[in-house]
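The values are calculated or read from the model by the stated rules, or taken from the named source; none is laboratory data. Bear in mind that the values here come from a model prediction, so they are computed numbers and not experimental data. FYI the Cβ positions are ideal-geometry reconstructions off the backbone, even for glycines, and counts take in every protein chain you see.
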Amino acid sequence: MRRFFFSVLGYFLTPGGVVLMGVLDASMIFFLPLGIDFVVIIMAARKPDLFWLYPLLATIGSSVGAALTFWIGRKAGEVGLTRFVNPKRLAQVKVRVSRGATVVAALAIIPPPFPFTPFVLTSGALGMNAWSFFSTLAAVRVLRFGVESALASRYGSQIIRWMKTPVFETIVGILIALAVIGTIASAIALVRGSKKRATRGSEAAPPRPRTARAAPRPR
């Protein structure tokens, strides 16, 4: 079991894995609280001399994942947002998004369980300036991951010793289970919500008036 846990975790404990985790972490379906933060900390603890690299890789992946979500929102538009975000939450998100790209992107510094994805989606749907949004997002992400990486490189020896304990193995198992269950639940909720709102929209739409047939011409 220990080998299985670490083999799954090992896929992400590489430079490419950090980027991939960043992309998944910023996506609409994948669910793993503190997943990218966890990977950055472990990588910096294992290789303290490269502590500066992992925040950059995590920010690149996070920006790519957020860009995909932003693009989906831009394509869906304001009307299509209800297919992805609960209407009650959407009203609150719109209030914050109205404060501007810089303010919204700065929220990325807050770690999970803060739901940042709906803000990215709504920002794209409302036509927010992409340059302002992503430049602030990248700066905030670098700061957040940079602080985590610096601390991990400083206390790396303690973290490495902790990784060899059964407690760490249990935590990794719990995280993997959360990722699988949470991702499946998010995908199901997204599909069901999209279908329900599409059905409501079709029911609310007024029926099309029938065109009158032209009267036959007299011979």
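Observations
- Checked against the criterion of being at pLDDT below 85, more than 24 Å from Val23 (Cβ to Cβ) and assigned to a helix (DSSP H, G or I), the candidates Lys88, Lys94 yield just one match: Lys88.
- Number of residues in the stretch 108-120 that are hydrophobic (A, V, I, L, M, F, W, C) and surrounded by 19 or more Cβ atoms within 10 Å (Cβ to Cβ) equals 4.
- Pairs linking a residue in the stretch 45-68 that is closer than 14 Å to Arg144 by Cβ to a residue that is among the charged types (D, E, K, R) and surrounded by 24 or more Cβ atoms within 10 Å (Cβ to Cβ), with Cβ atoms under 6 Å and 6 or more positions apart or on different chains, are Thr59/Arg141; Ser62/Arg141.
- Scope the stretch 25-42; condition aliphatic (A, V, I, L, M), touching a residue at least 60 places away in the same chain (Cβ under 8 Å) and in a helix (DSSP H, G or I); matching residues: Ile36, Val40, Ile41, Ile42
- Residue in the stretch 120-141 that is within 20 Å of Val39 (Cα to Cα) and free of Cβ contacts under 8 Å to residues at least 24 places away in the same chain present: yes
- Scanning the stretch 118-158 for residues that are of a type in the set (Gly, Ala, Ser) and under 18 Å from the mean Cα position of the chain (by Cα) yields a total of 7.
- When Leu81 is tested against (1) buried (at least 17 other Cβ atoms within 10 Å of the Cβ); (2) of a type outside the set (Gly, Ala, Ser); (3) at pLDDT 90 or above, only condition (3) is not met.
- Checked against the criterion of being on the phi < 0 side of the Ramachandran plot, part of a helix (DSSP H, G or I) and surrounded by fewer than 19 Cβ atoms within 10 Å (Cβ to Cβ), the candidates Gly61, Gly17, Gly22 yield just one match: Gly17.
- Complete set of residues in the stretch 65-77 that are of a type in the set (A, V, I, L, M) and either closer than 19 Å to Pro111 by Cβ or crowded, with 24+ Cβ neighbours inside 10 Å (or both): Ala66
- Considering the conditions (1) touching a residue at least 60 places away in the same chain (Cβ under 8 Å); (2) surrounded by 19 or more Cβ atoms within 10 Å (Cβ to Cβ), Ala105 is excluded by exactly one of them, (1).
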